[in-house]
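A quick write-up on the structure given underneath.
Laboratory data are not the source of any read-out in this text; all were calculated from the coordinates shown. This structure is a prediction, so every number in the text was calculated from the model and none was measured. Glycine gets a Cβ as well: all are built from the backbone with ideal geometry, and neighbour counts include every protein chain shown.
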Amino acid sequence: PRKVILDMDPGVDDAIALCVALAEPQIELLAVTATGGNVAPKQATRNVQTIIEQVDPPRWPRIGAASADQLLRTDARHLMGVDGLCGVDFPVAELHNRHPSIKVLSDEIRGAAGEVTVVATGPLSNIATLLKAEPDLATEIGHLIILGGTHSGPGNITPAAEFNIYCDAESARQVFQSPVTKTLIPVDVSSEVMLELDVLERLKQSESRTARFLAKILPNAFRMQRQVLGLEALAVHDVVAVTAAVRPDLFTTEPLHGDVETAGELTHGATVFDRRNVTSARPNMDVAVELQVDGVLQYILGRLKAAP
Ligand code: BDR
Ligand code: CA
C-alpha cells in the first residue's frame, strides 16, 4: 500500500474523501492533518475526529490539529452549515491532546522519507508553514496532490479564484513555487464528477458504519447545494484527489508552470499557468487536464460499497 497523509478542512467532500481513503486497501493512511478552510481551524480538527470516530476504522490514523493562528479569507458555511458537516448533530467529539498538524506532517514525512503521498484538499496553510520551517522536507515528500485552482474554467468562490487557493493564496503561492513533486487537480476537472441523488438509496441499503455516517450528512448536503447553487447533483471535488493517488491511470496530466495571483483586486487567488514554453517558467507541477468521469465515479462508489 501507498503511505498517505490527508491534509484537509472537512467539509462534506473532504469527509467523503476521508471515508474512501479509510476504505482503500491500497492506502496506508498515516495521518489526517486538519486545516481551517470550509470551517474555522478548531471545527476542522473536531470534524476530522468526528468522521474517524463515526467510521471507526480498524486502525486509526494520527490526527493533527489545525493552528488557531491560521488567517483565512473566507469559509464555506453557506454551503456546508456552520459545523461544516451540514448541521448533523453528532455527539461532540472530545478534542484529545493533539499534536499540531505541522508536527504530525513533519514526523510522518521524515519517518518514511520519499515515500509519503500528501493529499491536500483544503487551503495550503499547513504545507506552506511546514516548508518554511523545514525547507529540506520539500524533497522528502514523495508526492503532493493538491485539490484546487482552475485550469481553464472560472473560479468557484470568486469569478477568478477557486476556494482552497483563495482562502490562503500566499501559502498556495509558496507551495506552488516550492520544489516539491506535485500534481494539481483543478476544480474545472474535479467538478466533472458528480454524485446523483440515487446514491442515498444505496447508502441506506448498506449496514456499514461509513454508509450510515454518509447517509446522515449527504441528504442535507444535496439540499443545501440545490438551495445555494441550484444544482441537483453533488460535486465531490476532494475525493477526486484521493482517487488520483490510487488510480492515476484515470487522469490525463500536463506538465505546466503554475503560479498564484496574490495582489490582484479581482483576481486574488487565481491560478495562472505559463504556456509560453520559455525556460524561465519550467514546469513545476503536473496539472490534471482531463479525467475518465465514469471510471472515477465507479471507483468512488465501489470503495464506499466496500467500506467498513
Ligand atoms: C474545494 O473547496 C472546498 O469547499 C471543498 O471542500 C473543496 O476542497 C473545492 O473548491
Ligand atoms: Ca476541502
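Some points to look at:
- Residues within the stretch 161-214 that are of a type in the set (A, V, I, L, M, F, W, C), away from ligand 1 (no atom under 16 Å from the Cβ) and out of contact with any strand residue (DSSP E or B) (no Cβ under 7 Å at 6 or more places or on another chain), tallied: 6
- Any pair with Cβ under 9 angstrom, 6 or more apart, that starts in the stretch 30-43 at a residue that is of a type in the set (D, E, K, R) and ends at one that is in a loop (DSSP other than H, G, I, E, B): 42/36; 42/66; 42/68; 42/95
- Leading residue by the ranking (nearest to the chain's Cα centre (by Cα)) among those in the stretch 1-31 that are away from ligand 1 (no atom under 16 Å from the Cβ) and part of a helix (DSSP H, G or I): 22
- Residue within the stretch 69-81 that is among the β-branched types (Val, Ile, Thr), under 30 Å from residue 157 (Cα atoms), surrounded by 24 or more Cβ atoms within 10 Å (Cβ to Cβ) and within 16 Å of ligand 1 (Cβ to nearest atom) present: no
- Tabulated pairs, the stretch 274-293, first touching a residue at least 60 places away in the same chain (Cβ under 8 Å), second part of a loop (DSSP other than H, G, I, E, B) and aliphatic (A, V, I, L, M), C-beta under 8 angstrom, 6+ apart or interchain: 291/193; 293/193
- Which numbered condition residue 272 fails, given (1) assigned to a strand (DSSP E or B); (2) within 16 Å of ligand 1 (Cβ to nearest atom); (3) of a type in the set (A, V, I, L, M): (2)
- Residue in the stretch 55-70 that is under 19 Å from residue 191 (Cβ atoms), among the small types (Gly, Ala, Ser) and assigned to a loop (DSSP other than H, G, I, E, B) present: no
- The stretch 32-48 - residue that is surrounded by fewer than 23 Cβ atoms within 10 Å (Cβ to Cβ) and more than 14 Å from ligand 1 (Cβ to nearest atom) and, of those, farthest from residue 118 (Cα to Cα): 42
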